[in-house]
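J.: Shown below is the structure under consideration.
The values are calculated or read from the model by the stated rules, or taken from the named source; none is laboratory data. None of the values given here were measured: they were computed from a predicted structure. Virtual Cβ from ideal backbone geometry, glycine too; neighbours counted across all protein chains shown.
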Amino acid sequence: MSGGASTWAFQEDDARQIREIMTALLDETGARTALIVDRTGQMVATAGEPPTFDPTAFASLTAADFSANDQLARMLGEPEFGALVHQGERESMYLADVARRVILVVLFDSRTTLGLVKLRARATVSRLGEVFTAMFSRDGTSAPGVETGFVGDAEDEIDKLFGA
């Protein structure tokens with residue numbers, strides 16, 4: 001597990017705590033996979049079943065999705081949407097902001113329910129938030145943010161994926 005962004009990195013204890021928290025969420029919910037993506041579009045951590053997709057593209061699109069939804073929230077007069085849900089026929093995902101630093105992504109199917117994922121994710125987000133807040137406080141770094149040019153990079157990635 002690495003920090004992904006050049007301005008921050010995990011210590012061994014950070015990585016262990018994050019992995020334990022994510023694994024506990026999967027055990028409690030029956031979800032398939034938990035991922036941590038930073039706001040710049042880097043994959044930070046994974047737990048559970050290994051993803052069957054390109055993790056670089058997924059992380060980039062996840063960060064762009066969250067960023068776009070932050071803009072939609074502001075248009076509606078909300079400061080942000082703290083969580084997003086994308087439900088499909090067979091596969092679904094729940095995304096939650098963690099301390100304005102990273103995004104928790106939970107991939108799940110019919111073995112569990114959205115309600116259970118949402119319920120258990122609340123405590124997970126809180127615990128992860130404590131770890132990331134302590135990590136950034138200790139390192140003296142600020143939270144990673146959306147870099148200038150990130151949205152353009154994300155749009156390029158979307159174009160590549162959909163052949164535009």
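J.: In the range 75-107, what count of residues is obtained for those that are in contact (Cβ under 8 Å) with a residue 12 or more places away in the chain and closer than 28 Å to A134 by Cβ?
T.: Number satisfying all stated conditions: 20.
J.: Quick check: anything in the range 101-110 basic (K, R) and out of contact with any helix residue (DSSP H, G or I) (no Cβ under 8 Å at 6 or more places or on another chain)? Full working, then the answer.
T.: Looking only at the range 101-110, we keep the residues that are basic (K, R), and these are 101.
Subset that is out of contact with any helix residue (DSSP H, G or I) (no Cβ under 8 Å at 6 or more places or on another chain): none.
No, because not a single residue in the range 101-110 is basic (K, R) and out of contact with any helix residue (DSSP H, G or I) (no Cβ under 8 Å at 6 or more places or on another chain).
J.: On to the next question. Any chance you could count how many residues in the range 1-33 are at pLDDT below 95 and not in a helix (DSSP H, G or I)?
T.: Here the count works out to 11.
J.: Filter the range 34-61 for residues that are surrounded by fewer than 18 Cβ atoms within 10 Å (Cβ to Cβ) and assigned to a loop (DSSP other than H, G, I, E, B); which is modelled with the highest pLDDT?
T.: Initial filter on the range 34-61 (surrounded by fewer than 18 Cβ atoms within 10 Å (Cβ to Cβ)): 49-57.
Still in the list and also assigned to a loop (DSSP other than H, G, I, E, B): 49-54.
On the way: E49: 95, P50: 92, P51: 88, T52: 89, F53: 91, D54: 92.
Ranking the qualifying residues of the range 34-61, first place goes to E49.
J.: Also, quick follow-up: Only one residue in L119, L128 is part of a helix (DSSP H, G or I), free of Cβ contacts under 8 Å to residues at least 12 places away in the same chain and over 17 Å from L61 (Cβ atoms). Which one? Give the steps one after another, and end with the answer.
T.: Values: L128 fails: free of Cβ contacts under 8 Å to residues at least 12 places away in the same chain.
Selected residue: L119, the only one of L119, L128 that is part of a helix (DSSP H, G or I), free of Cβ contacts under 8 Å to residues at least 12 places away in the same chain and over 17 Å from L61 (Cβ atoms).
J.: Output the residue which, of all residues in the range 16-30 that are under 21 Å from R111 (Cα atoms) and within 15 Å of the chain's Cα centre (by Cα), is surrounded by the fewest Cβ atoms within 10 Å (Cβ to Cβ).
T.: The residue in question is T23.
J.: Here's another thing I want to ask about it. Identify all residues within the range 62-95 that are among the aromatic types (F, W, Y) and part of a loop (DSSP other than H, G, I, E, B); write none if there are none. Even if it seems obvious, please write down each step before you answer.
T.: First, pick out the residues of the range 62-95 that are among the aromatic types (F, W, Y): 66, 81, 94.
The answer is F81, and nothing else.
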